Amino acid sequence: MMGQYRHHVFVCTSGKTCPLDGGLEVHAVLKKRAAAAGLKGQVRVNHAGCMNQCGHGPMVVVYPDDVWYAGVDEVGAERIVEEHLLNGNIVQEYLYIAPPGDNKIKTAEDSD
Ligand code: FES
């Protein structure tokens, strides 16, 4: 079965930590670069809420590949477009390796 887009990219831009770490800028770079690469209509870049990986961000997820990226900066965003979205290669330097499920880094704000 085919979905609407070849790739659907989610960027955490409204959780507690990713926006402070540059999530919004990363979202903007991904969107701009994907459009410049001619991927409009094939790749959709969306804002996402918290992915429960706070403290590892900015977090970026590429579906349907189910590839998670952590600590993505502007260079990382450019590489994700060039290497992953255009050429199908995972950008190993930003690949998120973590146990399944929630992986929040506890902060002083956390009361639970
Ligand atoms: S704030 Fe981005 S994963 Fe929680």
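Overview of results
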quantity	calculated
In the chain, lysine pairs closer than 28 Å at Cα, eight or more apart or cross-chain	7
By accessible area with a 1.4 Å probe, ligands and nucleic acids excluded, highest first: order of ARG33, ARG79	ARG33, ARG79
Rounded to the nearest 10 Å², the accessible area of LYS31 at probe 1.4 Å	90 Å²
Projected label distance in nm at LEU95 and ALA36, using a 7 Å step from Cα toward the beta-carbon	2.7 nm
With DNA, RNA and ligands ignored, accessible area of HIS7 (1.4 Å probe; Å², nearest 10)	20 Å²
Cysteines, the chain, no other Cys beta-carbon under 4.7 Å	CYS50, CYS54
ASP73 accessible area, assembled protein chains, probe 1.4 Å, Å²	70 Å²
Dipole magnitude (debye, nearest 20) for the chain, charges at Cβ of Lys, Arg, Asp, Glu	460 debye
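The values are calculated or read from the model by the stated rules, or taken from the named source; none is laboratory data. Model, not experiment: these values are computed from the prediction. All Cβ positions, glycine included, derive from the backbone under ideal geometry; neighbour counts span all protein chains shown. Just so you know, the surface numbers come from the protein's heavy atoms only, side chains and all, with ligands and any DNA or RNA stripped out. Shrake-Rupley method; radii C 1.70, N 1.55, O 1.52, S 1.80 Å.
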